[in-house]
Amino acid sequence: MVAIRLFASALIVLCLFVTPLRADVQRVNSPFYGEVLFSFNQQNFFSAIVQLEKGLSQGLLGDDTSEAEALLGSLYLGYGLHRNAEQIFNRVLESSVDNKSRNLAWFYLAKIQFQRGYYQRAVDHIDKISSPLSDPFEDERLTLMALSLMQLNRSAEAIDLLTQQTKDHENAVYARFNLAVSLLKLGKQESAMKLLSEMSTMPKGDAEFAGLIDRVNVLLANQYLENQQFELSKQYFSQVELHGRFSNQALLGLGWSAFGKEDFATANAAWTELISRDHSDISVLEAYLARPYLYYQTKSHADSLADYKKAIDVYQQQLDLIESQVDKTDFSGLILTMVELESDDEIGWYWQHDVLEGPLLNRYMLRFISSHDFQESLKNYRDLLFIKKNLNKWQASIHVFDDIIDVKTAANAELKPKAEARLRQLSEQNHAKSIQMLADKIVAIERDEDALAFADSVELEKLHQLRSIEYRLAYNLENLEDKLEIVKLVERADKLQKKQRLLDGVLKWELLTSYKIRLRKLNKSLAELQAENRNADQFKANIEEIIKSLPQSYDGYRQRLRDAAQDMQTATVQVEALLQQYEGSLQSMLRDELLAIKEKIEIYRSQALLAVAHIYDLNLKINEARQ
């Protein structure tokens, strides 16, 4: 029974482990995926799932999509949603992914099959892994393969696989322990004892690892004790920490090992030490039967009788305390205290609560509340409470979204007329024809190289004045009759015409030299006008798009909110029902365990009473024989 209990509590370390997919992340391409990994590493797995679902549905994960899908599958696997996880990993395998991602997908699919009890399928999936996985997955792959082979009664192959593991790897140590217990269950004691012996010599390291080594020593010693190899059992019991978690079991076993060797002094010392400890421990209570039995076997009937009577008193005290504890304990409040859900913090897969309120609950129930079944039920209960809190917050936020729709409706009613008026105004200001006329003019200027076309108003006025001088001189020459005056005017006109031609030439030369500069400026102005016109067209298009995008009404959104509220209400009812179911189950588990302990103590008390009666009968017969 000891081996089975130990196996049940340790097997979950490997059967239900879910290793972070990117524990050794070197580079993340998508910032959104970086946020997901932050939530994941904070063990906010519920939030990580929500973020991953959002990222995958909205295409926010970029090059990290394949790895994000695998992470989502591992999260679903951690919550026991095997079908969802299997669908994701199959999808990863069907997509064009690299060899590393494909191997990880096969690894997680193997874990799913193992958890569902399909051990041959798990082996087949692991066989499809084409190359060693990165740390720590490779050791876990070997562990998973070994456990699957053990379930298929292929223990020799399993042991061979475990020898390939990194021996100081945490999962490898637990794997060896689980494998040893499995071998014991299959009756392969020699192989099991060999594995346990190797583990018993390992350095104890931290408190958790030291506890595991103590557990190994206790299991190994109990096997030797059952085989009546008392010297070896005593040796391994002696290696257990004197005040560790398994020290009481070790002291009890040490006493029986010494008793088997007829080393009664050592047995008495071990049980005396054990009896001095807290009575709310089964091993201590068993010692109250063991020591008087020792006295009885060594013919110390008086000491034996006294010890049995003391044992009866101790058992009665414990029975009264347990009865009082069962009657007075508010199991519902106790469970709520245990889960400690006073904030919005989420829990990880490895969350565990191993302290109960009350002197009896804390000691008697220590092994029970550390068991896989109870801890998993407690975590499920806490997850349900967390989901209930989320649902309540989401339901409260429905009204906020409804108010937002009202505000958006009012804003759109005001915005749409303004946008339409602005669009009409822009449509009336069409400069495309003027810009085209300017472009045609520039083309004509470049074709004819017409520098005069760039003359400004001042230059045009000067040209006009020069032409006027020329015209007036010609007019005067045609209309004068006096020949002498004509001669004088001709001489004067000749000088003026030379000056006029000189000034005209200078002005035209200035226009010619600045032709290219003025042409570039004009082309630049044309380009700016065209760009502004395009911007105006884009602005009009944007306004048109905004007008089109404004919904005629938000009735569709309101309906979605109503549907969501109904879905959340339905989910809340389901969660409430599950909470009641789990709460009832947890209460029954606690109460039943206490009652089972009570029944065991009653058996101890009955045995002590029978022993006292037997000693009285024996003393009576001795007295009668003397008479």
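The values are calculated or read from the model by the stated rules, or taken from the named source; none is laboratory data. Given the structure is predicted, the values throughout are model-derived calculations rather than measurements. FYI the Cβ positions are ideal-geometry reconstructions off the backbone, even for glycines, and counts take in every protein chain you see. With ligands, DNA and RNA removed, areas are computed over all heavy atoms of the protein, side chains included. Shrake-Rupley method; radii C 1.70, N 1.55, O 1.52, S 1.80 Å.
The phi-based Karplus calculation (6.51 cos²θ - 1.76 cosθ + 1.60; θ = phi - 60°) puts the 3J(HN,Hα) values of the stretch 611-625 at 5, 4, 4, 5, 5, 4, 4, 5, 5, 5, 5, 5, 5, 5, 5 Hz, whole numbers, x for Gly and Pro. One chain, two ends: LYS100 and ALA421. Fully extended at 0.36 nm per residue, the span grows by 109.6 nm beyond their Cα-Cα distance. The candidates ASP263, ASP567, arranged from most to least accessible area with a 1.4 Å probe in the full protein assembly, appear as ASP567, ASP263. What's the carbon and sulfur percent of the stretch 525-627's accessible surface, probe 1.4 angstrom, rounded to a whole number? With neighbouring chains kept in place, the figure for the stretch 525-627 is 51 percent.
Between THR570 and ASN227, the simple label model (points 7 Å from Cα in the Cβ direction) yields a spacing of 6.1 nm. Local charge sum around LYS261 (other residues, Cβ-Cβ under 11 Å, Lys/Arg +1, Asp/Glu -1)? After counting each charged neighbour, the total is -2.
Summarise the accessible area of the stretch 26-84 (1.4 Å probe, protein heavy atoms) by the percent that is carbon and sulfur. Percent of accessible area from carbon and sulfur atoms in the stretch 26-84: 46.
For the stretch 526-539, putting each phi into the Karplus relation 6.51 cos²θ - 1.76 cosθ + 1.60 with θ = phi - 60° gives couplings of 4, 4, 5, 5, 5, 5, 4, 5, 5, 4, 5, 4, 5, 4 Hz, in residue order, rounded to whole numbers and with x for Gly and Pro. Label separation (GLN115 vs HIS243): 4.0 nm, computed from points 7 Å beyond Cα along the C-beta direction.
Put a dot 7 Å past the Cα of GLN538, heading toward its Cβ, do the same for ILE442, and the two dots end up 1.9 nm apart. Packing, taken as the mean count of other beta carbons within 10 Å per residue, orders the peptides 66-78, 146-158, 128-140 from highest to lowest as 66-78, 146-158, 128-140.
Net charge near HIS82: determine it from the other residues with C-beta under 11 Å of the C-beta of HIS82, scoring Lys and Arg +1 and Asp and Glu -1.
+2
Whole-Hz Karplus values for the stretch 597-606 come out as 5, 4, 4, 5, 5, 4, 5, 4, 5, 5 Hz, taken residue by residue from phi with 6.51 cos²θ - 1.76 cosθ + 1.60 and θ = phi - 60°; glycine and proline positions read x.
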